[in-house]
Structure formats: structure tokens, C-alpha cells
Number of protein chains: 2
Amino acid sequence: MKFYDCATAPSPRRVRIFAAEKGIELPTVQVDLRAGEHFGEAFRAVNPTCTVPVLELDDGTSIYESVAVCRYLEAAHPEPPLMGSSPAEQGVVAMWDHRIEVEGFQAAAEMFRNTARGMQGHALPGPDPVDQIPELAERGRMRVGRFFETLEARLEGREFVTGANFTAADITALVAVDFIHRLKVEPPDSCGNVRRWHEAVSARPSATA
Amino acid sequence: MKFYDCATAPSPRRVRIFAAEKGIELPTVQVDLRAGEHFGEAFRAVNPTCTVPVLELDDGTSIYESVAVCRYLEAAHPEPPLMGSSPAEQGVVAMWDHRIEVEGFQAAAEMFRNTARGMQGHALPGPDPVDQIPELAERGRMRVGRFFETLEARLEGREFVTGANFTAADITALVAVDFIHRLKVEPPDSCGNVRRWHEAVSARPSATA
């Protein structure tokens with residue numbers, strides 16, 4: 001098994017935290033995104049979409065897309081469950097994980113990829129050229145604000161996003177909030193629940209992964 | 001259990017086909033999206049994101065987001081498996097389902113929501129106003145073309161998207177291709193694998209769901 005990672009990128013951090021919570025050590029290869037290593041022929045043979053994370057299994061199967069790598073790890077190492085136990089819990093975790101990915105993570109990526117100089121011509125992940133759209137960066141900023149409101153409301157009276165248990169939805173939310181922080185946007189003062197939750201999940205040993 | 005559906009919308013069709021493949025009958029309520037019923041107070045109490053599909057469980061839990069409703073149904077009714085059996089299969093199905101959702105379905109939604117007159121002010125799903133961005137519609141059209149190329153290459157030598165078994169990834173792809181057809185875009189002539197696969201999956205009884 002081989003884990004293709006980039007220590008500074010948000011998406012592979014979702015998998016790193018997920019694995020750390022389960023006590024799984026992933027044999028890791030760093031991919032130098034700043035040097036464009038993900039667009040080189042060697043990495044394209046591993047993942048033609050040119051993104052990290054990738055988990056390469058011993059039979060050569062590549063699993064990429066963060067949620068899919070987590071799904072593999074959940075099935076291969078069921079304890080502790082991070083994607084819910086009962087059918088209803090599994091559904092609720094998948095729902096919040098997906099919402100947070102779209103409303104938080106993708107919104108932040110829209111802000112970042114449509115403004116950063118280094119992302120010119122790469123406004124979407126992948127090998128194909130995609131121009132930046134400044135209006136989309138603005139829309140991303142607006143959506144990030146709404147994401148904080150959604151997370152704040154959801155965390156009212158709940159320790160974690162889906163209730164009493166820490167799950168993949170908390171991991172995606174933590175990585176999204178920290179990614180947004182790097183874009184110099186913080187949860188507004190009105191988001192006391194988000195701040196309380198963020199402090200708690202950031203204090204878990206897995207958060208440094 | 002109650003399934004909130006809209007017979008003409010693509011997202012809930014993912015769940016309808018998924019349930020039909022498993023032989024599950026869902027007690028269904030139609031939500032009239034054209035009349036704006038999803039923005040009304042009654043439906044907001046079921047799903048504050050104002051989207052279909054929603055599966056409301058007997059204890060009142062609402063599960064929305066198509067992939068999450070499917071995840072619940074997979075856990076509650078494991079046979080036949082539509083999200084993979086072994087951990088590696090589960091990872092590969094989740095990967096392709098996610099890629100097809102982002103690269104096919106979201107691209108088509110970008111085309112549709114950023115051009116359709118009825119979508120003015122609703123360029124994203126949900127209750128909050130979002131302006132249309134014409135450049136995003138153009139980008140969506142370009143991405144749809146790339147999606148067909150990706151699907152064509154993936155189906156070379158494979159009966160279904162992830163191999164010999166029909167899975168959730170085929171369902172998402174079928175719904176995406178049919179959604180794109182409604183936008184008057186067809187797979188190019190070079191996509192023989194896509195046409196062969198589309199004919200086969202459309203002939204399954206579940207496709208009429």
C-alpha cells in the first residue's frame with residue numbers, strides 16, 4: 001500500500017486525520033504540488049486526474065477522491081467507525097460530509113483557485129487548462145459565509161456535527177475551516193458553536209496529522 | 001418512511017433507480033419544483049436546503065443529498081450490493097460515483113442553472129439567491145465534453161463503469177448523461193463505448209424509475 005500525499009494541501013489532510021483516528025499508519029510518498037510533480041508522467045500513471053490524495057493498493061488499484069479513500073479505510077479497518085454504524089447514522093454522516101464538502105470545501109476552493117496567481121489556468125483540479133472566473137471567487141466568498149452560518153446552527157446543542165460521535169463529517173469540516181483560515185477568512189464572532197467545536201477537534205491528536 | 005421526490009428532476013432519479021435495483025418500494029410524495037413548493041415552509045421543515053430527494057425515516061430523521069440516501073438504502077438493504085462488496089470495490093465505486101457527480105452531473109448543472117430563465121437568481125440549489133454567471137455555463141459545457149471523454153475511456157473493455165457489476169456509479173452516470181441530453185448535448189460519435197453502455201443500462205427495468 002502506498003499513500004500519495006502533499007503535507008501542505010487540504011484534501012489529503014482529510015485522509016491523514018481519518019487514518020490517524022483509526023490508528024492506521026500509511027506508507028507515504030510526498031508529491032510536490034508546487035513543483036508541478038502531479039502533472040508529470042509518473043504521477044499521471046497513478047492518478048490521471050493529477051490530484052492527491054491517492055491510495056495505491058498492493059494489487060495496483062489506485063483509489064483517489066478523498067471520500068473514496070476514506071470509504072476504503074472504513075471498510076478495511078471498521079473500528080472505530082467514522083462513517084456511522086446504523087443505516088440511519090451512515091446516511092446522516094454521508095449527508096453532512098457531502099454538504100460540508102460542497103458548501104464549505106468547494107466554496108473555499110472556488111475562492112482560492114479563482115484568485116491565486118499560482119492557479120492561473122488551473123481554476124479546477126486536473127491536467128486540463130481552466131481559466132479563472134473572478135465572479136466565481138466572489139461567489140465562493142459569499143458561500144463560505146453561509147457555510148459558517150450552517151455549521152453554527154448545526155452545532156447548536158451538539159458536541160460534533162452529527163451528534164455525540166466524532167465522524168468523517170467533523171474531519172471534512174475541520175479541514176474546510178482551516179483551509180478557509182489560510183484564505184484569511186475566519187468564522188464571524190456570532191459563531192460561538194463553531195469556535196467551541198473547532199477548539200475541541202483541533203485538540204485531538206489526529207488534528208496534527 | 002417517506003420519499004420526497006420530483007418525477008422530472010435528475011437528482012431524485014438516482015435514488016429511484018437505486019431503490020428499483022434493490023426491489024425497495026418507497027412511499028413517495030411529489031414535490032412540485034416548478035411551483036416552488038420546495039421553498040415553502042412545509043418542505044423547509046423537512047429539508048432546510050430545499051432540495052429533493054429526501055428520505056424521511058419513521059423517527060423523523062431527514063436524509064437528503066442523493067449519495068447519502070443511497071448510502072442509507074445500501075446499509076438497510078444490502079442485497080444486491082450497489083456500492084461494492086470488498087473494501088477495494090467500495091473505494092472504487094465511491095471514487096467513480098464522486099467523479100461522475102462532480103465532472104458530469106455538476107458540470108451539467110452549471111450549464112443549466114447559469115442559462116435557464118427559470119433559474120435566474122437560483123444558480124445554485126437552495127433557498128438563498130445566487131446570480132447566474134454566463135462564463136460558468138460555458139465552462140460547464142466544456143467540462144461536459146471532457147466528461148464524455150473520461151467515460152468513454154473508462155468503459156473501454158468494461159461492461160459497466162467499475163467493471164463487471166452494475167453499481168451506483170452507473171446510476172449516477174446514466175442520470176448525468178440523460179440530464180445532459182435534456183440540455184441538447186449528446187455524446188460525440190467517437191464515444192462508441194458510452195453509446196453501447198447507455199443502451200444497455202437504459203434497457204434495465206430500473207431505468208424507467
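Just a few scattered comments:
- Residue list for the range A:42-97, restricted to those being among the hydrophobic types (A, V, I, L, M, F, W, C), surrounded by 23 or more Cβ atoms within 10 Å (Cβ to Cβ) and more than 9 Å from chain B (Cβ to nearest Cβ): A:Val52, A:Val54, A:Leu82
- Any hit, the range B:16-35, residues being closer than 15 Å to B:Gly126 by Cβ, in contact with a strand residue (DSSP E or B) (Cβ under 7 Å, 6 or more places away or on another chain) and either open to solvent by 20 Å² or more (accessible area, probe 1.4 Å) or at pLDDT 95 or above (or both): yes
- Some residue of the range B:125-132 being assigned to a helix (DSSP H, G or I) and either out of contact with any Lys or Arg (no Cβ under 8 Å at 6 or more places or on another chain) or away from chain A (no Cβ under 11 Å) (or both): no
- Hits in the range B:173-200 - residues which are open to solvent by less than 30 Å² (accessible area, probe 1.4 Å) and free of Cβ contacts under 8 Å to residues at least 40 places away in the same chain: B:Pro187
- The range B:141-164 residues that are more than 13 Å from every other protein chain (Cβ to nearest Cβ) and under 20 Å from B:Pro81 (Cβ atoms), paired with ones that are part of a helix (DSSP H, G or I) and modelled with pLDDT under 95 (beta carbon under 9 Å, 6 or more apart): none
- Filter result (farther than 15 Å from B:Ala200 by Cβ and under 11 Å from the mean Cα position of the chain (by Cα)) within the range B:152-174: B:Ala168, B:Thr172
- So A:Gly145, is it open to solvent by 10 Å² or more (accessible area, probe 1.4 Å) and either within 19 Å of the chain's Cα centre (by Cα) or hydrophobic (A, V, I, L, M, F, W, C) (or both): yes
- Scanning the range B:169-199 for residues that are in a helix (DSSP H, G or I), out of contact with any Lys or Arg (no Cβ under 9 Å at 6 or more places or on another chain) and over 25 Å from B:Val69 (Cβ atoms) turns up B:Gly192, B:Val194, B:Arg195, B:Arg196, B:Glu199.
- Subset of the range B:98-124 that is assigned to a helix (DSSP H, G or I) and farther than 29 Å from A:Ala68 by Cβ - its residue that is most open to solvent (accessible area, probe 1.4 Å): B:Arg117
- Evaluated against (1) in a loop (DSSP other than H, G, I, E, B); (2) surrounded by fewer than 18 Cβ atoms within 10 Å (Cβ to Cβ), A:Phe166 falls short on exactly one condition, (2).
The values are calculated or read from the model by the stated rules, or taken from the named source; none is laboratory data. For clarity, every value in this text was computed on a predicted model and none was experimentally measured. In this analysis, Cβ positions are derived from the backbone assuming ideal geometry, glycine residues included, and neighbour counts consider all displayed protein chains. Each accessible area value is taken on the protein alone, full model and side chains, heavy atoms only, with ligands, DNA and RNA left out. Shrake-Rupley method; radii C 1.70, N 1.55, O 1.52, S 1.80 Å.
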